[in-house]
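Take a look at the structure set out below.
What follows is calculated from the coordinates using simple rules that are stated; it is not laboratory data. Being a predicted model, the structure only gives us computed values, none of them experimental. Backbone-built Cβ (ideal geometry, glycine too); neighbour counts: all protein chains shown.
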Amino acid sequence: MKNSFFLLVFAFSSISLISQTVVSGKITDGNTGQPLQGVNLWIEILENGATTDQAGNYQITLQESGEFRLEVSYLGYRTEKIKVLVVDYRDWE
């Protein structure tokens, strides 16, 4: 039986001359709530990703906004593909 992830995703824009958006969050075991170290996160279309640290935290810096599929994989767990909407809030002005 594959274990499940609990994925917490935050997306926000940083204020800089070059538009950069940061997708960050924390991944924990869905049953125990323990943080998972070494989880791979990958946005294939952008060829960009990250790996969680010891506390289960990750951060991916993007140069563009839009809707993307975030693939989350970890040995012994079911791979998840999650839609993530990344918004540059300066576009709302």
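Here are a few things to note about the model shown:
- Its relative contact order, with pairs defined as Cα atoms under 8 Å and 6+ residues apart, puts region 33-93 at 29 percent.
- For Asn57, the amide hydrogen comes within under 5 Å of the amide hydrogens of Ile27, counting only partners 5 or more places away or on other chains and with H modelled in the peptide plane.
- For region 23-83, trypsin sites (Lys or Arg not before Pro) are listed when DSSP marks them as loop and at most 15 other Cβ atoms sit within 10 Å of their Cβ; the list is Arg78.
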